[in-house]
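Just below is one structure, and these are the notes that go with it.
The values are calculated or read from the model by the stated rules, or taken from the named source; none is laboratory data. As the structure is a computational prediction, the values presented were derived from the model and not from experiment. Note: ideal-geometry Cβ built from the backbone for every residue, glycine included; neighbour counts use all protein chains shown. Only protein heavy atoms, including side chains, enter the accessible area calculation; ligands, DNA and RNA are left aside. Shrake-Rupley method; radii C 1.70, N 1.55, O 1.52, S 1.80 Å.
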Amino acid sequence: MQVSSPPPNPPSPQGEVAPVTTKKMGRRALIATGGLAALAVGVAEAPLAVNWGRRQLALDLASLEGVGIDAASAAVNATYDAVNLIVMPIAGALSEISTDTIDQLINVVDAARKIPGVNTAPLDALYTILVGWKQNAALIPATVTSLEQVQRDAGKRYMTALKAKQQAEAAKV
């Protein structure tokens, strides 16, 4: 079987043969021109889109999971103060207490619970705390040492930097 080639274009009245691809080339050129124009518009609008995206991100950072950045900063500051003013002094004092001392404190609290007419609820709570401390007495010095090595102000510094970054990004148009 022989494959035939497409018939040649018919000659024009002037005797010239018109090329077949003229119509296709015009359409391709139009599509390419339209594509380049769309690309040019996209490139021209890119900075606006980037700034809009940054602004949206900054607005989203202002409140994540329903918690505002100011409320999170306040919580970080309160935690920092509580650790420095309450936890560290108590932990430092506890690291110096031996299990023998804790045993003596447990005996004193237990004897006080047996005094008639004394409200035993606070003493019961203290007794429970002392028993728990006795069980973990060996861990307290190592825990205090690890707490002293932690950068406790890292949360404060992070929140301050995050808030400054959020405000800078929100200010961009």
Lone qualifier among 91, 125, 82 - being closer than 28 Å to residue 147 by Cα and modelled with pLDDT under 85: 91
Under 7 Å between Cβ atoms, at least 6 apart or on separate chains: pull out the pairs that start in the stretch 112-130 with a residue that is within 23 Å of residue 140 (Cβ to Cβ) and end on any residue that is of a type in the set (Val, Ile, Thr). 123/109; 126/109; 127/106; 127/109; 130/102; 130/106; 130/109
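Rundown of residues vs (1) in contact with a Cys (Cβ under 9 Å, 6 or more places away or on another chain); (2) open to solvent by 50 Å² or more (accessible area, probe 1.4 Å); (3) part of a helix (DSSP H, G or I); (4) of a type outside the set (A, V, I, L, M), yes/no style:
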position: 72; (1), (2), (3), (4): no, no, yes, no
position: 75; (1), (2), (3), (4): no, yes, yes, no
position: 86; (1), (2), (3), (4): no, yes, yes, no
position: 104; (1), (2), (3), (4): no, yes, yes, yes
position: 108; (1), (2), (3), (4): no, yes, yes, no
position: 111; (1), (2), (3), (4): no, yes, yes, no
position: 124; (1), (2), (3), (4): no, yes, yes, yes
position: 132; (1), (2), (3), (4): no, no, yes, yes
position: 146; (1), (2), (3), (4): no, yes, yes, yes
